[in-house]
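We did not get these values from a lab; they are worked out from the coordinates using the rules stated. Values in this document were obtained by computation on a predicted structure and should not be read as measured data. All Cβ positions, even for glycine, are placed from backbone atoms using ideal geometry, and neighbour counts span all protein chains on display.
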Amino acid sequence: MTVVATEAAGTSSVFDGLKIIDCDAHFTEPPDLWSSRVTGAYRDRVPVMETRDGVSAWYLEGDLWCGVGGNTIRRGGQKVLGEHVLQPFEEVDPASWDPRERVRLMDQMGVWAQVLYPNAVGFSSNHVFSIEDLGLREAVLTSYNTFYLDIQQESDDRLLGQALLPVWDMDLTVKEMTRLLEGGLRGFTLSDKPHKMGLPELTDAYWEPMWDLFNQSGAVVNFHIGSGASREVPANLRRQRAGTDRLAEFTNSDMYLPEFGPQRRLASLATQFYMSNARIVVLLCMSNLFDRYPNLKILSAESGIGWVPFILEAMEFQLDEMVTDPEEVAMQKLRPIDYFRNHFLVPWWFERIGPRKLIEDVGVNNVVIETDIPHPTCLYPNSRQKLETALVGLDPHVIRRVLQDNAAEAFKIPV
């Protein structure tokens, strides 16, 4: 089933003068991403896109490495329902992977800027982490980040890629962060479950040089749902058909019923994944990380907002009921809800109850919007009309904070 795009700039006065900032979109990796950027000894070893038996995928040194990502917008701007990965790649609309076409689509949608996350390679360093050769792994990751620098420049700072980090090596992480910050990047992605990659939890001393740089620079820390995979999960893709649903293939079956088909599996998984970032929100708000690094700004990407008031209330209640030991009480300077309000951003897109009734409970300064282009549940077509429907009746100050100001301040976007 296809949905024909009828995007047009909104005419509602509530949007007048606002530069809408989309805080979670995905940029599909173009076929020449690595081949056009990597030189030297690794030039002939980088990932290449191939189409075999009508199925496009990325291959690394002849082995299947990863698919082409979630793409549901077909050439001509038609959104295809019931699909997760359009095949072959030639079917995918260029706005998914071409910066000029993406900006043109954003203009049609009435969106000024987009915060971008990876698509095919995973929402953190997942697939890159599965590369055994450390030199090749570094070359693949740094060239990917250079790609983000390129599209940010080409789009006049309207496409803001959130870079991958080589967290297996902290000296290299600081070096790469410094390079990209000097180039103008505004944020980075992290796995919310580093222990699955053999690394300590994010509050461990291992991460202190990285947190120091985040704290000094003001760059945004991004936890995108579904990013906490182990090295083994992406590596298993080599034994899977590239065009299959990655989420359904690589998630434990206890998250869906055996009789579910691939579409219903994906719908069930996606519904549960939206709330998966509750773990990292709770752990960080219950820790003293923000006492040590008071300038951190964290975005919980593609997680929605409906569950947030419950989590905030639960943390406060459990803290008072459970934490009585003086040493544990003294671990934090502030309450969990204060840390959330001071440091977190959370986006919504398809919700109606959340934006209409819960923004005050979440925090007017903590809520942003997203479209999730070009994924299955993306707010497309008619993006602005859908946003307006959800925001109707809210105070103009709240609308301005949610659509523009909160994101503009966090990502340093001039408005």
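Remarks
- Rg(Cα)/(2.2 N^0.38 Å) for the range 350-415, N = residue count: 1.11
- For Val85, distant residues with modelled amide H under 5 Å away: Asn71
- Estimated FRET transfer efficiency (Asp63, Asp395; beta-carbon r; R0 45 Å; 0.05): 0.25
- Per-residue 3J(HN,Hα) values for the range 166-174, derived from phi via the Karplus relation 6.51 cos²θ - 1.76 cosθ + 1.60 with θ = phi - 60°, read x, 5, 6, 9, 5, 4, 5, 4, 5 Hz in sequence order (x marks Gly and Pro).
- More than 17 angstrom apart: percent of Cα pairs within the range 121-172: 37
- In order along the range 332-349, the Karplus-derived 3J(HN,Hα) couplings, from 6.51 cos²θ - 1.76 cosθ + 1.60 at θ = phi - 60°, round to 10, 8, 10, 7, x, 5, 5, 4, 4, 5, 7, 10, 10, 10, 9, x, 10, 8 Hz, and Gly and Pro are given as x.
- Sparse-neighbour loop sites [trypsin sites (Lys or Arg not before Pro); the range 317-377; at most 14 other C-beta within 10 Å; DSSP]: Lys333, Arg352
- For Phe344, the residues whose amide H sits under 5 Å from its own are Ile298, ignoring neighbours fewer than 5 places away on the same chain, with H placed 1.01 Å from N.
- Calculated FRET value between Arg43 and Leu172, using beta carbons and R₀ = 30 Å, to 0.05: 0.90
- Radius of gyration and Dmax over the Cα atoms of the chain, both given in Å: 20.7, 64
- Within a Gaussian network of the chain (alpha carbon springs, distance under 10 Å), most fluctuating of Gln404, Gln162, Gln318: Gln318
- With Cα atoms defining each centre, the range 307-351 and the range 80-142 are spaced 33 Å apart in the structure.
- Loop-resident sites, the range 192-230, for chymotrypsin sites (Phe, Trp or Tyr not before Pro), counting at most 16 other Cβ within 10 Å (DSSP): none
- Computed magnitude of the charge dipole of the range 2-411 (debye, nearest 20; Cβ of K, R +1, Cβ of D, E -1): 780
- Theoretical FRET efficiency, 1/(1+(r/R0)^6), r = Cβ-Cβ of Asp361 and Thr324, R0 35 Å, to 0.05: 0.80
- Kirkwood hydrodynamic radius of the range 73-168, from the reciprocal of the average inverse Cα-Cα distance over all distinct pairs: 14.8 Å.
- Remark on Asp24: its backbone amide H falls under 5 Å from those of Val115, Thr371, Asp372, a criterion applied only to residues 5 or more positions apart or on other chains, H modelled at 1.01 Å from N.
- Percent RCO, i.e. relative contact order, over the chain, from Cα pairs under 8 Å lying at least 6 residues apart: 21
- Whole-Å distance, taken between Cα centres, linking the range 371-414 and the range 148-175: 24
- Lysine pairs within the chain, Cα separation less than 24 Å, 8 or more sequence positions apart or different chains: 14
- Among Phe317, Phe15, Phe129: highest mean-square fluctuation, GNM of the chain, C-alpha pairs under 10 Å: Phe317
- Potential lengthening of the chain between Phe260 and Gln272 amounts to 2.8 nm, from the contour at 0.36 nm per residue minus the alpha-carbon distance.
- Largest mean-square fluctuation among Ala278, Ala301, Ala57, in a Gaussian network model of the chain whose springs join Cα atoms under 10 Å apart, belongs to Ala278.
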